[in-house]
Amino acid sequence: MSDYQVVEADWSSQQDALLGIRFTVFVDEQSVPPELERDHYDREALHLLALNGDGKPIATARMLTDGHIGRMAVLKEWRGRGIGSALMNRLIDIARQRGYAEVFLHAQCTAEPFYRRLGFVAEGEVFVDAGIDHRAMRMSLDAENA
């Protein structure tokens, strides 16, 4: 039995928890400018939260209506426990249920091996976003990959 659970989050009532994790990881740890961490997509995105056994938020990720996955962040003390994979697998399952042909993301280059293990394929050249090297990655959700 795991010491966390992954749940769908409601932006209007849980944005403080979602943004708290994202700001800790992206702004505090990775020095992403705070004004780049929030955007107008948050209101329409599907958000997931991972909660520890006490119900405290420990990780998050989101998916936009076009299958773009992003803003995945796991608090440092919870990394290496499969939480990132659990978030990603839940988003991939939801995308399949919604009939999406594919999902895609912009991976930090240091996280590219993580996404490859999940089945994402890198495409294009490395680009810089918020001062961090990224690469576009995509996963087909056709029947043979189900």
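The values are calculated or read from the model by the stated rules, or taken from the named source; none is laboratory data. Only a predicted model underlies this, so the values are computations on that prediction, with no experimental measurement involved. Virtual Cβ from ideal backbone geometry, glycine too; neighbours counted across all protein chains shown. For the accessible areas, the whole protein counts, side chains as well, though only heavy atoms, and no ligand, DNA or RNA atoms are used. Shrake-Rupley method; radii C 1.70, N 1.55, O 1.52, S 1.80 Å.
Find the accessible area per residue for the chain; the probe is 1.4 Å, ligands and nucleic acids are left out, and the unit is Å². All intermediate terms of the calculation are to be shown ahead of the outcome.
Numbers: 7910 Å² over 146 residues.
Averaged over the residues of the chain, the accessible area is 54 Å².
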(message) Looking only at the chain, where both bridge partners belong to it, what percent of the DSSP beta bridges are antiparallel (to the nearest 5)?
(response) 95 percent
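So what is the relative contact order of the chain, in percent, for Cα pairs below 8 Å that sit 6 or more residues apart? Can you show the working numbers first?
Values: 227 pairs, mean separation 27.5, N = 146.
Over the chain, the number comes to 19 percent.
At 0.36 nm per residue, minus the direct Cα-Cα distance, what do residue 106 and residue 142 gain on full extension? Give it in nm, one decimal, please.
Working: separation 36, 0.36 × 36 = 12.96 nm, distance 2.06 nm.
Contour length minus Cα-Cα distance gives 10.9 nm.
Students often check this: by mean Cβ neighbours within 10 Å, which of 86-99, 120-133 ranks highest, and how do the rest follow? List each step's numbers first, then the result.
Numbers: 86-99: 16.4, 120-133: 12.3.
So the order, starting with the most tightly packed, is 86-99, 120-133.
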(request) Just the number, please: carbon plus sulfur as a percent of the accessible area of the chain, 1.4 Å probe, no ligands or DNA/RNA counted. (result) 47 percent
(request) Rounded to the nearest 500, what is the 222 nm mean residue ellipticity of the chain from helices alone, with -39500 (n - 2.57) per DSSP H run of 4+ residues and division by all residues? (result) -7500 deg cm²/dmol
(request) With a cut-off of at most 16 other beta carbons within 10 Å, and DSSP calling the residue loop, which GluC sites (Glu not before Pro) in the stretch 1-109 qualify? Please list them. (result) 44
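Do any trypsin sites (Lys or Arg not before Pro) in the stretch 1-78 lie in a DSSP loop with no more than 10 other beta carbon atoms within 10 Å, and if so, which? Don't skip to the answer; put the middle values down first.
Values: sites: 22, 38, 43, 62, 71, 76; in loops: 38, 43.
Passing both the DSSP loop test and the Cβ count: 43.
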(message) As a test of reading the structure, rank 24, 60 by solvent-accessible area (1.4 Å probe, protein chains only), most first.
(response) 24, 60
(message) Taking only Cα atoms of the chain, what ratio of Rg to Rh do you get with Rh as the Kirkwood inverse-distance radius?
(response) 0.94
